[in-house]
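One structure is given below, encoded as structure tokens.
Just so it is clear, none of the values below were taken in a lab; they were calculated from the coordinates. Because the structure is a prediction, the values reported are computed rather than measured. When we count neighbours, we look across all protein chains shown, and the Cβ atoms used for this are built from the backbone with ideal geometry, even at glycine.
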There are 2 protein chains.
Amino acid sequence: MTLPEGYKIRRIEKKDYEGVVETLAVLTTVGNLTREQFESIVDYWNSVQMYHDKSIYKYNPSVIVDVNTDEVAAVGNIILEQKLIHEGGICGHIEDIAVSKNHQGKKLGKALLGYLSDLGFQSGCYKIILDCNEKNVKFYEKCGYSTTAIEMQKRK
Amino acid sequence: MTLPEGYKIRRIEKKDYEGVVETLAVLTTVGNLTREQFESIVDYWNSVQMYHDKSIYKYNPSVIVDVNTDEVAAVGNIILEQKLIHEGGICGHIEDIAVSKNHQGKKLGKALLGYLSDLGFQSGCYKIILDCNEKNVKFYEKCGYSTTAIEMQKRK
């Protein structure tokens, strides 16, 4: 995983509220997520560990930030799922990757995906999956992913 | 959700070890999952709650069993993911649905999917997703799901 100069990757912190909400808005509806809700979700994410190793988080919300200003440039998450199949294997789910409008064209999406994938495999995943639109398949193929199935959904 | 006579649905229990492992083998590799591993994963699943309501489990491993013999006829899970998007929304992930060879042709898969979907929406999901092979799309469409994206994977 190579990161352009001037950026670093770390776990989401409470101070990232505004930058994360603004960055996720590129992706989809965030709605009126208050600072209080954001902070309590961050607390919750920090409170859930995996059973095979308590130092491993179930949720791994991560941001790429500007090293000088700490501005959020990209955000993403990998959630680890404890299964029974594959000898009690762990499957990683990459979710909600977004790059801020101000920082696009610098391959930050690819860098974040690489970071989250490495983190997943280091945490014991036998596979990592993600869902994407047809138009993004080529991008993920360049990142080492391959098409495997169809995502289906039901909305409330 | 309608269940054929003679069956009931409940949360997985430790006593289901043999039936669950046998049923999941229809689906994919389970490997040498020992009773001890199974029991500790069940304990772990029972220990992780959602932050907005501590009575709601993150993992909802469920079985359809024969009311008389308690034999496992089908197994499935819905995992609830706490997001930031959609005002701190919850996304349900349906995983690892399998019907035992001895109980196929009774629409147990459809019944279990309906149960898990209801459980997800009652637990606050704004959407529920699952990944399936092309050949199963029609079945899930009959259950109210629609195709939305491509699943991609990376293996270790």
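So the values come out like this:
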{"item": "Those trypsin sites (Lys or Arg not before Pro) in the stretch B:16-90 that DSSP places in a loop and that have at most 12 other beta carbons within 10 Å", "result": "B:54"}
{"item": "Net charge dipole size for the stretch A:15-156 [Lys, Arg +1 and Asp, Glu -1 on Cβ; Debye, nearest 20]", "result": "480 debye"}
{"item": "Residue among A:77, A:102, A:46 with the largest mean-square fluctuation in a Gaussian network model of chain A, springs linking Cα atoms under 10 Å", "result": "A:102"}
{"item": "Gyration tensor (alpha-carbon) shape descriptor, the stretch A:7-143, a/c threshold 1.5", "result": "oblate"}
{"item": "Shortest-first distances to equivalent copies, position residue A:127, nm, label 7 Å out along Cβ", "result": "2.1"}
{"item": "GNM top mover of A:119, A:24, A:84 - chain A, alpha-carbon springs below 10 Å", "result": "A:84"}
{"item": "Three-way shape label, the stretch B:99-149, alpha-carbon gyration tensor, a/c 1.5", "result": "oblate"}
{"item": "Built amide H within the under 5 Å cut-off of residue A:49, gap 5+", "result": "A:58"}
{"item": "In sequence order, calculated HN-Hα J values of the stretch B:141-146 (Karplus, 6.51, -1.76, 1.60; Hz; x Gly/Pro)", "result": "4, 5, 8, x, 8, 9"}
{"item": "The stretch B:11-156, relative contact order [Cα under 8 Å, separation at least 6], %", "result": "20 percent"}
{"item": "Residue with peak Gaussian network fluctuation, chain A [Cα springs, cutoff 10 Å], from A:114, A:31, A:92", "result": "A:31"}
{"item": "From phi via Karplus (6.51, -1.76, 1.60), per-residue ³J(HN,Hα) for the stretch A:88-104 in Hz, x at Gly/Pro", "result": "x, x, 10, 10, x, 10, 7, 9, 6, 8, 9, 10, 4, 3, 6, 10, 7"}
{"item": "In sequence order, calculated HN-Hα J values of the stretch B:115-132 (Karplus, 6.51, -1.76, 1.60; Hz; x Gly/Pro)", "result": "4, 5, 5, 4, 4, x, 5, 5, 7, x, 4, 8, 7, 10, 10, 8, 10, 8"}
{"item": "Residue B:27/residue A:40 FRET efficiency (R0 51 Å; Cβ-Cβ; nearest 0.05)", "result": "0.90"}
{"item": "Distances in nm from residue A:66 to the matching label points in the other copies, shortest first (labels 7 Å along Cα to Cβ)", "result": "6.7"}
{"item": "Listed residue pairs exceeding 21 Å between alpha carbons, taken from A:14/B:156; B:58/B:156; B:8/B:107; A:107/A:135", "result": "A:14/B:156; B:58/B:156"}
{"item": "Size of charge dipole - the protein assembly as shown - debye, nearest 20, with Cβ of Lys, Arg +1 and Asp, Glu -1, no other charges", "result": "600 debye"}
